[in-house]
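Take a look at the structure below.
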Amino acid sequence: MTGPSENQCMEFPEIKTERCVLRQVVPEDKPDILRGLSNPAVTEFMPIHYSTIDEVENQMEFYKNHWDFQTGVFWVIEWSESNAFAGVMGLYDVNLFHHSVEWGFWLLPEFRGKGIIAETAPYIMDYAFNDLNLNRIKAEIETQNTASIRVIQKFGFIQEGILRQCEINRNGEYIDLMIFSRLKSDL
């Protein structure tokens, strides 16, 4: 990725799949992001949980700053059939020296089980490996988040290990994170 001044002229990489559009997060998405990131079913394994639209501004800055400083890119997942906001997917913490990035996503509960991640993730991996010319995509997932673990394993991510008690969750408890990765050569 490039520096912030070069990014001002870069066009955001919108992606269209069979049933979804992956587009840039915009300020008008704040109510939908609040709907997701205030829902305990969505944030159960996330370090964040918001209660007000003002709190969501932190998340909006997080998404925007990654694009502006070219340390990542976050997409709204939009369900094409109804133009409905379904969730967010992103590549972040880009490390150009090591050619690596981290991948994350969340979906609103009503869009789970529709194969949305299965449909969109290959496009995101293609973007990381080919457009950004990265070599490694990693995912860090709480050991109890079995649904996300199953999802990334379907894409050939390999467990590399467990970081024991490496973070503290919102309840003040130490949690373990499983580290998974997929390499460009794994394609």
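The values are calculated or read from the model by the stated rules, or taken from the named source; none is laboratory data. Computed from a prediction, not measured in an experiment: that's the story for all the values here. Please note: Cβ atoms are built from the backbone with ideal geometry, for glycine as well, and neighbour counts cover all protein chains shown.
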key: Residues that are basic (Lys, Arg), over 12 Å from the mean Cα position of the chain (by Cα) and over 17 Å from Ile77 (Cα atoms), drawn from the range 103-153   = Arg136, Arg150
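Criterion first (closer than 23 Å to Pro40 by Cβ and of a type outside the set (S, T, N, Q)) does Lys154 satisfy it? Lay out the reasoning, then the answer.
On the way: closer than 23 Å to Pro40 by Cβ: no; of a type outside the set (S, T, N, Q): yes.
No: the conditions fail for Lys154.
Just the residues that are small (Gly, Ala, Ser) and closer than 20 Å to His98 by Cβ, please, taken from the range 135-155.
Hit for the range 135-155 is Ala139, nothing else.
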Answer residue from the range 73-104, given it is modelled with pLDDT under 95 and small (Gly, Ala, Ser) and is surrounded by the fewest Cβ atoms within 10 Å (Cβ to Cβ) among those = Ser82
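Please specify each residue of the range 87-121 satisfying the condition of being small (Gly, Ala, Ser) and more than 18 Å from Pro47 (Cβ to Cβ). Show your work before the answer.
First, pick out the residues of the range 87-121 that are small (Gly, Ala, Ser): 87, 90, 100, 104, 113, 115, 118, 121.
Of everything in the range 87-121, those that are small (Gly, Ala, Ser) and more than 18 Å from Pro47 (Cβ to Cβ) turn out to be Ser100, Gly113, Gly115, Ala118, Ala121.
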inquiry  = Please go through the range 139-173 and give me each residue that is assigned to a loop (DSSP other than H, G, I, E, B) and surrounded by 14 or more Cβ atoms within 10 Å (Cβ to Cβ), ordered by number.
reply    = Thr143, Asn145, Phe155, Phe157
Tabulated pairs, the range 158-181, first free of Cβ contacts under 8 Å to residues at least 40 places away in the same chain and of a type in the set (D, E, K, R), second surrounded by 11 or more Cβ atoms within 10 Å (Cβ to Cβ) and part of a loop (DSSP other than H, G, I, E, B), C-beta under 7 angstrom, 6+ apart or interchain = Asp176/Thr143
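From the residues in the range 115-146 that are of a type outside the set (Ser, Thr, Tyr) and without any contact (Cβ under 8 Å) to a residue 24 or more places away in the chain, which one is farthest from Glu14 (Cα to Cα)? Spell out how you get there, then give the answer.
So the first thing to find is which residues in the range 115-146 are of a type outside the set (Ser, Thr, Tyr), and the list is 115-119, 121-122, 124-126, 128-142, 144-145.
Checking which are without any contact (Cβ under 8 Å) to a residue 24 or more places away in the chain leaves us with 115, 126, 130.
Values: Gly115: 20, Asp126: 13, Asn130: 15 Å.
Ranking the qualifying residues of the range 115-146, first place goes to Gly115.
Output the number of residues of the range 103-130 satisfying the condition of being among the charged types (D, E, K, R) and either closer than 14 Å to Gly36 by Cβ or in contact with a Ser or Thr (Cβ under 9 Å, 6 or more places away or on another chain) (or both). Walk me through it before giving the result.
Initial filter on the range 103-130 (among the charged types (D, E, K, R)): 110, 112, 114, 119, 126.
Cutting the leftovers down to either closer than 14 Å to Gly36 by Cβ or in contact with a Ser or Thr (Cβ under 9 Å, 6 or more places away or on another chain) (or both) gives us 110, 112, 119.
Residues meeting the conditions: 3.
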